[in-house]
Structure formats: structure tokens, C-alpha cells
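The values are calculated or read from the model by the stated rules, or taken from the named source; none is laboratory data. Just so it is clear, the model here is predicted, and its values are computed rather than measured. Virtual Cβ from ideal backbone geometry, glycine too; neighbours counted across all protein chains shown. Heads up: the accessible areas ignore ligands, DNA and RNA and are worked out on the full protein's heavy atoms, side chains in. Shrake-Rupley method; radii C 1.70, N 1.55, O 1.52, S 1.80 Å.
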Amino acid sequence: MIKLCQRDLCTGCGACFNACPHDSIKMIPSSGEGFLYPILNHSTCVNCGLCSKVCPILTHPTKNDVPDVYAAWNMEDSIRQSSSSGGMFLTLAHKIIEQGGVVYGVVISKEGTVYHRRADSVDGLKPMQGSKYVQSDTRYSFKEALNDLKHGLPVMYTGTPCQIAGFRGLLGKRRFDNLLLVDIVCHGVPSNALFKDYLSKLDIEWADIPDKSSFIFRELDAWGIAPSVKLADGNRHRVPSEKDVYMKNFLSSYTFRESCYSCQFANIPRISDITIADFWGIGAKIPFREDTKKGCSLVLVNTVKGTMAVRGAENNIFLEKRTLDEAVAVNYQLYRPSLRPKQRNGMYSYCLSHSIHDVYRHFYNTPYHKLRHLGGRFLRFLKILK
């Protein structure tokens, strides 16, 4: 009898769902936290075993060589300032679109659903810009991307490392020269259910939010974490600190999927062709003379294909080779998963059943967190943290 991977190790990548030829697997949100898990219908299952063969947890896919490390950003200020860090996602994506290809990235719907979508134009890339600190529903995107590859289209598929591993699992032994895999350095993912619950409460407690896709998790023209959203008046408003409990929970690792705390992909070597992230800590130990106030991308080039993609964009980007030691100095998820805090127990039940005000008062309006915040400001003053 077919068995899916152990529940607390399941990443929810959707590879098994996309692989099943009889639609015997559905991705169903868990009742308590809303994370998607595969549920197998044994009555229609023919025991072909494809779901087990594509699962990145059961198969342990091979990883790439030790990467080359770069600091990078797009030389066009408008692109750099409309991106979370240095605009490397948009730089690589533009090249794929110019070649007549397609890009798969993460967007937010007007209702607040975070999911993977296909883009075949520059305009289609705009909703994919910026960080989304939520687990994206990959839906049928693995199947769609595989179909594009079979038809010869250049394809760039982006996602968390476990999602890239899931897509690679679906590909099996097939290799496509027209595929570029790009992963992000991931701390962990909260559920879409928690995010939508937060947006609905923010809608009630603060003001009307007619289009929840307008929510931005962080500033796009600097390093800071400062969520904002467009209200009914048409203007963008920053979320006040006392209502910013979603990102506070994220930064404290309180709301990640259980598998995130034992993630087998939060390390080096990586699973993709290129890894991108913010280059936190650049210049702290090794001199870096360039101005990074507008953002700086950390780029790990993991394969020959990744090298070719970066070289193809050299005319549009600033690129400087750095060391792996510098890259991992502050980017902890490059060598270990996030640690599971004690507060993770019961966090979802509390957040989903209490108001934003109650969550803030209970977890963050305390002497401990005020002291922790003061310590963070002191470290940033010393330029140990960005």
C-alpha cells in the first residue's frame, strides 16, 4: 500500500499531487493551522508509486556543488528600488521573457491567497516582485511548467528550496536545457490560512482593505521590514507596530510549518541553479566600498547553467565576487534550519482565536521583547546587523 511521507516532515510542496495520474491525491488544509497536506484516496489509487518517487523527503534529491558567491544588484535604479533587495529576481526573469519564455513566481490574489502563477510578459512579473512571507500554493504549476518545457519554452521556476526540490522530483531523470531553477534563502513559512486571518482582522480593526494583493511585507526601496497596504482612500499606509503581529511572529519563528524546523534544504550545497537573498552583513568583516542603502542581493551560483544565466545578465548588473564565509555569517538559513521556539506550541490556536491587539499585548508588549528590540537597535548601531 502506498504511503506518503511522514506528516511532520511533509513540506506541502505538491509534487505528489502533481504526479498522480489518477487525481487520487488532494492538497487539503489542516483543520488546526491551515497548512496544505496531501490526502490519498485509496479507493482510486492504483499503487503506481509515482507519488513516493517524486517526494523530495522520501527520495533525498542530489544537491549541487559548493557555490560561487556574489554581491549583486540591477544597475537600473527603478528595478532595484521596486524589489526587495537588489532586483536579481527581476533581472533574471526579464532575460527569460526576452527569450520568449515564461516565469513561475509567487503572487497574492485580491482575497489574500498566496500562490504560484505563470507569467509570459514583463507586466506579468510585477505582482511577483517583493518578498511574500507565506507558504505559496504551488497548485498545478509543476505540471504547467513541465508542459512548457516539453514545448521548448525557456522556463524560470522560482520558489522555496523545498518547492524547487519537489519540482525536480517531478522531473525525475529528465533534464531540460531550457529550465532555470531559482530558490530563495528561506527562514520558514507560515500558512496562508494564518495570513488571510490576519488580513481579515486588520481589515476590521484598522480600516477597509479593498484589495489585499496590495499588502507589502517590507519596504521595496531599503533594507527595512515595514509592512504597508493600500486602504480604501487609495493611499498606501504603513502597518503600525502594535498591529504588525504577523511579521513579528515570522521574525520570531513562531508560526512556521513543522517541517521547516527540520528542513533538509536549509544548507549548502543548494538544490537550484541560482539562490538569491538579501546580503545581510555585507561589509561587516570584509571591506565593501559600494553603497548598499538601496538594497544588495546575495547570489549563490550553484551550477554551470546558473553561471551562464548570471553572465547573460552582466551588462545589466553590478556583480562582485564575495566569500561563502561572509554569506553564511548572518544568513543562518544557509547552514541550518530555524530553531523551533517553545512559543510555537499553541501559537496558531491563540492567533486564530484572538484579536490582533490581544496577540500583540500577550507576546510583544512585554519587558522581554522590549529589551530584545533595544538590543537589536544597538547591534544595528554597531553595524553588526543591517
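Quick look at the values:
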{"read-out": "Residue-averaged [θ]222 nm for the chain, counting only DSSP H segments that reach four residues, each worth -39500 (n - 2.57)", "value": "-8500 deg cm²/dmol"}
{"read-out": "For peptides 8-19, 53-64, sequence by mean Cβ density within 10 Å, most packed first", "value": "8-19, 53-64"}
{"read-out": "Qualifying trypsin sites (Lys or Arg not before Pro) in segment 272-340, DSSP loop, other Cβ atoms within 10 Å at most 14", "value": "K285, R289, K293"}
{"read-out": "Full-extension gain in nm, V66 to R118, via 0.36 nm per residue minus C-alpha separation", "value": "15.7 nm"}
{"read-out": "Proximal aspartates and glutamates to K110, defined as alpha-carbon separation beneath 16 angstrom and excluding residues fewer than eight positions away on the same chain", "value": "D137, D197, D203, D208, D211"}
{"read-out": "Counting DSSP beta bridges with both ends in the chain, the antiparallel % (nearest 5)", "value": "70"}
{"read-out": "Spatially proximal lysines relative to K95 (Cα-Cα < 26 Å; intrachain offsets below 8 disregarded)", "value": "K63, K126, K132, K143, K150, K293, K294, K305, K321"}
{"read-out": "Stretch gain in nm, segment K342-R175, where the contour uses 0.36 nm per residue and the Cα spacing is subtracted", "value": "55.9 nm"}
{"read-out": "Backbone N under 15 Å from the R289 label point (7 Å along Cα→Cβ), restricted to segment 319-350", "value": "319-321"}
{"read-out": "Spacing of the two label points (7 Å from each Cα toward its C-beta) at I225 and E111, in nm", "value": "2.9"}
{"read-out": "Length gained when the stretch I39-H354 is fully extended (0.36 nm per residue, less Cα-Cα span)", "value": "110.5 nm"}
{"read-out": "Estimated distance in nm for a label pair at H151 and K321, the labels positioned 7 Å out from Cα along Cα-to-Cβ", "value": "4.0"}
{"read-out": "Inter-label distance for R139 and E258, nm, one decimal - labels placed 7 Å from Cα along Cα-to-Cβ", "value": "2.8"}
{"read-out": "Assigned charges on the beta-carbon of Lys, Arg, Asp, Glu; the chain dipole about Cα centre (debye)", "value": "860"}
{"read-out": "Within segment 227-242, backbone nitrogen closer than 16 Å to the virtual label 7 Å beyond the Cα of E205 toward Cβ", "value": "227-229, 238-242"}
{"read-out": "Integer Hz, Karplus 6.51/-1.76/1.60 couplings in order for segment 314-328, x for Gly and Pro", "value": "4, 5, 10, 10, 7, 9, 9, 6, 10, 9, 5, 4, 5, 5, 8"}
{"read-out": "Ordering of 161-174, 116-129, 84-97, 136-149 by burial proxy (mean other Cβ atoms within 10 Å per residue, highest first)", "value": "84-97, 161-174, 136-149, 116-129"}
{"read-out": "The chain - percent of accessible surface contributed by carbon and sulfur, probe 1.4 Å", "value": "54"}
{"read-out": "Accessible area per residue, Å², the chain with all protein chains present, probe 1.4 Å", "value": "47"}
{"read-out": "Order by protection proxy (mean Cβ within 10 Å, highest first), peptides 352-364, 185-197", "value": "185-197, 352-364"}
{"read-out": "Rounded FRET efficiency, nearest 0.05, which uses the C-beta distance separating Y368 from Y332 and R0 of 22 Å", "value": "0.55"}
